[in-house]
Structures are given as structure tokens and as C-alpha cells.
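Colleague: Handing you a structure now.
The values are calculated or read from the model by the stated rules, or taken from the named source; none is laboratory data. Treat the numbers as computed from the prediction; the structure is a model and nothing was measured. With ideal geometry, Cβ positions are generated from the backbone for all residues, glycine too; neighbour counts draw on all protein chains shown.
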Amino acid sequence: MSHPPTKAQVSAGGAVYRKTENRIETVLIAVGADHRWQLPKGIVNAGETLSQAAVREVREETGIDTIPGELIDQIEYWYYGQSENRRLRFHKIVHFYLLKYKSGNTEDHDQELEEARWVEIDEAQELLTFKSEREILAKAKQMIQTLKEK
């Protein structure tokens, strides 16, 4: 049996963070009726840089405006889906950036999502559905802890 045609997809997203007195918090989104917790991300538009796409997607999905930082890492995976009324195999690469909270409220999240919420970063690692995103968040936490606040 042969595979359907393959289409490449490039996405960007981020680990948003804010520091309170004794905590680091991040924003997670809940997708689907089964509440799969994920980091916000989405397709990069033509003419957009990866970090611009990360900031835009986070704003659209979570209601949060951010200041872009460094690339954390990228993940890649394959999945099957529909496009233009035919079955395709997608090869997806997602670039995750460290994004500092600027303003906004998670109540303004994308209505296609079940929920967006601030979660303490260690708790967020436990909630995330996908191992690859837990690894991204672990790297983000290390980066945050080494940042010198201005």
C-alpha cells in the first residue's frame, strides 16, 4: 500500500512566561472535547518570520500579547489529514520561541479552543499531552531561570 502525497507544514508557537514573586507561570491551551493540553502554535503565513508567527499565533489562540525571545527548539512529526478534499500525509515542523508576557487576558482566547489558562510551569509540564512539548517547556524553564531581568 502506498502513502498518500506528503505536504510540508511549518508552524511556530511559544512558551509564554511571566514571573510572580515565587513562581514562573506559562499559558496552556486545551484542544478538543478531551482537553488535550498543548502549547499554542499555528501555521506560518507567507511573508512572516518564524518569531512573528509565534507571537501572532499566541495572541490569536490565548489572548496574550508577548515580547519574542530566543528560539527554544523545534519539533517535527508526521500525521494524516485532509486538504483540498483529498487525504494527505503531513510532515510538520514546529518552531517554539520563548515569549515574555506583555499584556492581555486568557479569557480572550480563540473560541475554537476549549480553554486557555495560566499554569505554574512545573504543573504545566505535568498537564501537557505530548512528550515533545513537555521537553520544550523544560528547556524554556531552564532558559527563564538563566535570564537576567532588565
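Colleague: Residues that are touching a residue at least 12 places away in the same chain (Cβ under 8 Å), part of a loop (DSSP other than H, G, I, E, B), touching an Asp or Glu at 6+ places or on another chain (Cβ under 6 Å) and surrounded by fewer than 17 Cβ atoms within 10 Å (Cβ to Cβ): does the stretch 1-19 have at least one?
Modeller: no
Colleague: Tell me which residues, restricted to the stretch 7-30, are among the β-branched types (Val, Ile, Thr) and touching a Leu at 6+ places or on another chain (Cβ under 6 Å).
Modeller: If the condition is that a residue be among the β-branched types (Val, Ile, Thr) and touching a Leu at 6+ places or on another chain (Cβ under 6 Å), then 16, 29 are the ones that fit.
Colleague: Oh, and also: Report, by residue number, each residue of the stretch 32-41 that is over 8 Å from the mean Cα position of the chain (by Cα) and surrounded by 17 or more Cβ atoms within 10 Å (Cβ to Cβ).
Modeller: The answer is 37, and nothing else.
Colleague: Please determine, by comparing only the residues of the stretch 20-30 that are in contact (Cβ under 8 Å) with a residue 60 or more places away in the chain and out of contact with any Ser or Thr (no Cβ under 6 Å at 6 or more places or on another chain), which one is surrounded by the fewest Cβ atoms within 10 Å (Cβ to Cβ).
Modeller: 23
Colleague: Additional query: Any chance the stretch 42-61 includes a residue that's in contact with a helix residue (DSSP H, G or I) (Cβ under 8 Å, 6 or more places away or on another chain), surrounded by fewer than 16 Cβ atoms within 10 Å (Cβ to Cβ), assigned to a strand (DSSP E or B) and at pLDDT 95 or above?
Modeller: Checked the stretch 42-61: at least one residue is in contact with a helix residue (DSSP H, G or I) (Cβ under 8 Å, 6 or more places away or on another chain), surrounded by fewer than 16 Cβ atoms within 10 Å (Cβ to Cβ), assigned to a strand (DSSP E or B) and at pLDDT 95 or above.
Colleague: When the residues of the stretch 79-102 are narrowed to those that are more than 18 Å from residue 39 (Cβ to Cβ) and without any contact (Cβ under 8 Å) to a residue 60 or more places away in the chain, which ends up nearest to the chain's Cα centre (by Cα)?
Modeller: 81
Colleague: Can you find a residue that is within 21 Å of residue 144 (Cα to Cα) and assigned to a loop (DSSP other than H, G, I, E, B) anywhere in the stretch 33-41?
Modeller: yes
Colleague: Here's a follow-up. Does the stretch 74-86 contain at least one residue that is closer than 19 Å to residue 143 by Cα and either surrounded by fewer than 17 Cβ atoms within 10 Å (Cβ to Cβ) or not basic (Lys, Arg) (or both)?
Modeller: Looking through the stretch 74-86, at least one residue is closer than 19 Å to residue 143 by Cα and either surrounded by fewer than 17 Cβ atoms within 10 Å (Cβ to Cβ) or not basic (Lys, Arg) (or both).
Colleague: Give me the pairs, please: first residue somewhere in the stretch 31-59 and more than 22 Å from residue 121 (Cα to Cα), second residue anywhere and part of a strand (DSSP E or B) and of a type in the set (S, T, N, Q), beta-carbon distance under 6 Å, and either six or more positions apart or on two chains.
Modeller: Within 6 Å, the pairs are 43/11.
Colleague: Here's a follow-up. Mind checking which pairs have a first residue in the stretch 127-148 that is touching a residue at least 24 places away in the same chain (Cβ under 8 Å) and a second that is in a helix (DSSP H, G or I) and hydrophobic (A, V, I, L, M, F, W, C), Cβ under 7 Å, 6 or more apart or different chains?
Modeller: From the stretch 127-148, the pairs are 128/137; 137/121; 137/124; 141/121.
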